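No value in this document is a laboratory result; all are computed from the given coordinates. Computed from a predicted structure; not experimentally measured. Glycine gets a Cβ as well: all are built from the backbone with ideal geometry, and neighbour counts include every protein chain shown.
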């Protein structure tokens, strides 16, 4: 008997507008992350650097790309890729020409992502670049084109083997409005 009353109450609720709340738009948080990689030239040149063009919306599932609203940055990370007997790596990264982070430490320290949110002592945030990344992510509906640059040097050996790189990653989150 209780089940029939509950079922009847549910039917009345749904037919009298109780279902309308499910017809309104819903904000779904989606990750927006883009990684750029900067190859370290093999040989005796111990410096590296470059500029990459990225489209932050490309990192979002295509079903959500046209539904993106306000976004926010939540981390910037740096790591090294490859086995290297050298002592250290140092450098800086920029977004749209504005300094984002500087980094310096042993190569082995950067074999895992060093993170601003993780309060890594090896990377230092730069206000101008963080503000620029925040501005970009704030309105992804414009499909911004972003220029990321990084450069620096390695030390501790006289020759660099092939296959080494430094990666910089910006992590954000945006709201996709779906109905």
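At a glance:
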{"item": "Against the rule of thumb 2.2 N^0.38 Å, how large the Cα Rg of the stretch 25-178 comes out", "result": "1.10"}
{"item": "Ranked by how many other beta carbons lie within 10 Å on average, peptides 155-161, 86-92, 109-115 from highest", "result": "86-92, 109-115, 155-161"}
{"item": "The stretch 112-151 - convex hull of the alpha-carbon atoms, volume per residue in Å³", "result": "110 Å³"}
{"item": "Gained length - residue 139 relative to residue 108, 0.36 nm times residue gap less alpha-carbon distance", "result": "7.5 nm"}
{"item": "Extension gain from residue 121 to residue 25, taking 0.36 nm per residue of separation minus the Cα-Cα distance", "result": "30.4 nm"}
